[in-house]
Every structure is written in structure tokens, then in C-alpha cells.
Amino acid sequence: MADGISVAGLNAWFGENHVLRNISLRVPANGVTAVIGPSGCGKSTFIRCINRMHEVVPGARVEGQILLNGENLYGPGVDPVLIRRRIGMVFQKPNPFPTMSVWDNVAAGLRLGGVRDRAVLADSVERALRHAALWDEVKDDLDKSGMSLSGGQQQRLCIGRALAVQPEVLLMDEPCSALDPIATAKIEELILDLKKELTIVIVTHNMQQAARVSEWAGFFLMGELVEVGVTKELFTTPHDKRTEDYITGRFG
Amino acid sequence: MSGLSRRRTANAVMNVLAGSAAFVVILPLVLVLAFLIYQGGTSLNLDFFTRLPKPVGEPGGGMANAIVGTLILIALACGLGLPVGILGGLYLAESRDRRIPWVVRFLADVLNGVPSIVIGIFAYTLVVRPMRHFSALAGGVALGVIMVPIVLRTTEEIVRLVPASLREAGLALGLPQWKVTVRVVLTTARAGIITGVMVAIARIAGETAPLLFTAFGNRFGYHGLDQPIAALALQIFAYAISPFDDWHRQAWAGALVLISMVFLVSLAARLATSGLQRQTRR
């Protein structure tokens, strides 16, 4: 059934700027794939193509094919809104809805998506928050504003918010870059837990993080996918000179 | 050392300058309020709020009709002006198109600068002439038109301040654009929008010129939206230019009531929005 995401001949532009060049790779299901590379290499654009968020930016354009379990996400008549329900996203900076409580934040996706039943919502919120390893910390403060939480808690709240709509895939765009090491460790632990049920694609600047959490990794450079493979092999025996230079810290 | 002492002196001088500038800002308000209380406070009593005006020569009477009239006119203006202003501002802030918003923004700024008496003439031509008589509705249209550009521009500014990351968070949850706009963007901006609305209400509450030939005023109670209606500003105007001392005192009292209404509206807005912000920070 679930065979993950396969990307073929993906190109993306911001206006005239060709930011992704002919990317093809496979993201296996129920695992963690890391996307690494220096700033501006197209990592974020790449994962934003997967949930069709790239095209939201004025002037942005995508060509190519992305299949999720065999279904073309860029096929004719495919509604990006429905794609985004199946492919959740967590951003670099925690972005809880500031006027909503912890509970409302997690319920937002379902509620604004049309779910009214209080019991169903309450169940989903608790399940999502437990999944996001936040339930025990906030269960007595569900009515407090999401903004009252610490940075790391806010990021887990955002993960919970994304999980509540029960996506098949979770995209994480440098989810720990705004967090301290303890909060980072919690999120990494969470990622290892979530991959049992989800396919995860994580963009990271931190190569130790990529090594700790991912099974597969792709190295991007200037809009091209230089190398992709099993993380351990990519880090120990890279095939491409540029990959080796990057992971040994010679540039970027 | 001399550098440090010079900086200290400069600091002290700037503090005094900035402090006195702040004082000059609030001075006119304090003076106007004090003068109004001095001149009009004595004529304020229960009758003023509950009774209709008495004919010339008879002492007593009140401005109940004008107070109610002003409230009705404000409600009408809000009913007409707020939907257009808020939705229009949302469009200006969220639209991807560049040209149309530029034109709308420019025209709104021009409209904001149009003298209110000209807007009164507009409402006269649009509503009074076809109906063949003055009416509350015409007054509401005139005031509503004055509100639109103020509400439009403040809504736009506030909505622009909503971080793009929140829109993205909404879209990434699989919500359609319109739901993100209404339920995330508008909700996040609501405190600022309420403030803008209150500023607009304070502005129109005191407008007199556009009401002269639209609402027209009347000395009796409310008789329907299609009939002339009293307003505090109109009543103050009529009483202030009259030759009667008693009416002058009533005009002062009316001015005091009007300014208190504006003051209370502003205060309520402040409290409401700071309440919202506290809720967010909690």
C-alpha cells in the first residue's frame, strides 16, 4: 500500500529564478528522510513543492511530477487544499495561532475543516498532543494561549496541530533551528517515535541531527540534488566530491 | 569624563523637550474638557437626557432626541460603512494584484481628504433628492461614506501586520484560502481593526456639516429612518448660533455629552483591545 513519495523531474522557479533543477528521488514510507545542504540550495523549496505550498508565493511555478503512494500530486484537477490535509507541515519558527488557546490551536485543522462534534474534537486533540509529546505538560493549561508556552513547547504544539488532521506525511522545515539543545533533543526523540506511523521529510542545517534521526538523506547544492542515499553511507562514504566537501565542513 | 557629562546634559535636555511636547499634546484636550464642564456642567441633569427640547422662552427641556439621533446615525453609518471598509481593507492587504489595490488605496486617500460638507452634498443628491425629503438614512449614508476610507486603510495596515507564517500555517493544515483569511488572518487582526473602527466612530460622531442637509435635525422624537432626525452636533450648532442664553447653556451641555460619548467609546475600545491582547499573551 504505502510506498512513499517519488519525485521525478521536478523543477521550480521564483519568477525567472530557477531554484530547483530536475530533482528526482524517492522518499520511502514510514521513515525519515533528511534534506541537507547550504542555505539557499533549494531545500525548503523542495519540501514546499511536496505539499504544494511553493505555488502560494506570487510568481512561483513548479513543473514535474510528485507521486504520493502512486497518485500524482500535480495531476490535473488535484486540489492543493486536499493534498495539504494529507501532507502536514511544521515550520522553522514555531507559529501557533496567537489568538487561539492550546486546545483551539490543535483543533483548528479539524474544526475549520468542518468537524463539529465536541467529543471527536476532544479525542483528536488529546491524541495529537500525546503524539506530539506535549499532553502531560499542557493538559491542565489547554485554555491558555498557545503563545504562553515556551519555544520548544510551541514547536511541539505546532507538530500536534499538524498531526491532528492525521496526515500521511509530515514535512519539517528546520524544525529545531530556533530551539535550544534540550528542546531539540525532545523533538528528535519525537521524530523517531512518529516515523512508525508517518513518512517524514526533514530539512536541517545540522548534520549531526540528520545523522541522528534519518535513515535516508539527500544533499542539495545550488538547486540540484547532488547525492541521495542511506544517511550512514552518505556521511561515511560519499560518492560525490561536493558532498564530501560539505559534510567535512570545507564549505557552506 | 567631559564626553559623559555632555551626554548626560543632552539626555536631560531631550527628556525635557520630549516631555513638554507630550504635555502640549494633551493640553488642548484637558482645556477643552475643563471649559466644557465649567460651561455646560450646570445644565446637565436628568431632564437633559430624557426630555425633548422646549420651545424658546420656556426654561428646561433636554436633548434626548439628539442623543438618540446621534446613536441611530452612528449605527446606520456603521451598518453601511463597516462592511465595505473592513472587507475592502482585507482585499487591499491580501490581494496579489498590484494595480487595482493601488488605485483603490489612492482613491480612498482622496476620499479621506474630501471635505465632509461635500460628502453631505453627495448624500443629498443620492438620497435626499430622490426621496424628496431629509432623512436619517441620508445622514447615515453621508457618515458611512466618511467612515469607509478610515476603516479601509486601518484594516489594511493591521491585516498587513499579520505574519505570513500564520497564513502558511493555516494553508499547510489544508484549509482553503478564504477560511485562512477569515478565521486566522481576520481573527488575529481583530483588536487592531476594532481600534480603527472606534477611531472612525469618534470622527463621525462630531460631524455637523454633512448632516445639515441630510439628517436635517428635528425637535421631536424619532419618527423613522425615512424622516429627518436630530443629532447632537446639529442641535449644538442650532443652539449655539441662537440669541438665547438658555440655549447657549444647553449647547455647552450638548457638547460635553458628545465629547463624553466619544471619550467613552475610545476608552471602551482601549479596554476591549487590551483585554484581547492580554488573552493572547497569557
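The values are calculated or read from the model by the stated rules, or taken from the named source; none is laboratory data. From a predicted model like this one, the values you see are computed outputs, not experimental measurements. So basically every Cβ, Gly included, is an ideal-geometry build from the backbone, and we count neighbours across all protein chains shown.
In table form, for the structure just shown:
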read-out: Wholly within the stretch B:168-245, helices (runs of 4 or more DSSP H) carrying at least 3 residues that are at positive phi, buried (at least 22 other Cβ atoms within 10 Å of the Cβ) and under 15 Å from the mean Cα position of the chain (by Cα); value: none
read-out: Qualifying position, being at pLDDT below 90 and either part of a helix (DSSP H, G or I) or under 19 Å from residue B:180 (Cα atoms) (or both), among A:106, A:115; value: A:115
read-out: Selection status of residue A:133, closer than 30 Å to residue A:6 by Cβ, out of contact with any Ser or Thr (no Cβ under 6 Å at 6 or more places or on another chain) and either facing chain B (nearest Cβ under 10 Å) or outside any helix (DSSP H, G or I) (or both); value: no
read-out: Output for the stretch A:181-206, where each listed residue is of a type in the set (A, V, I, L, M, F, W, C) and assigned to a helix (DSSP H, G or I); value: A:182, A:183, A:185, A:187, A:190, A:191, A:192, A:194
read-out: Where residue B:60 falls short, out of the listed (1) touching a residue at least 24 places away in the same chain (Cβ under 8 Å); (2) small (Gly, Ala, Ser); (3) within 19 Å of residue B:250 (Cα to Cα); value: (1)
read-out: Selection count where residues are within 18 Å of the chain's Cα centre (by Cα) and assigned to a strand (DSSP E or B), scope the stretch A:38-84; value: 3
read-out: Criterion (buried (at least 16 other Cβ atoms within 10 Å of the Cβ) and more than 14 Å from chain B (Cβ to nearest Cβ)) met by exactly one of A:147, A:207; value: A:207
read-out: The stretch A:83-126: number of residues that are facing chain B (nearest Cβ under 7 Å) and over 17 Å from residue A:156 (Cα atoms); value: 5
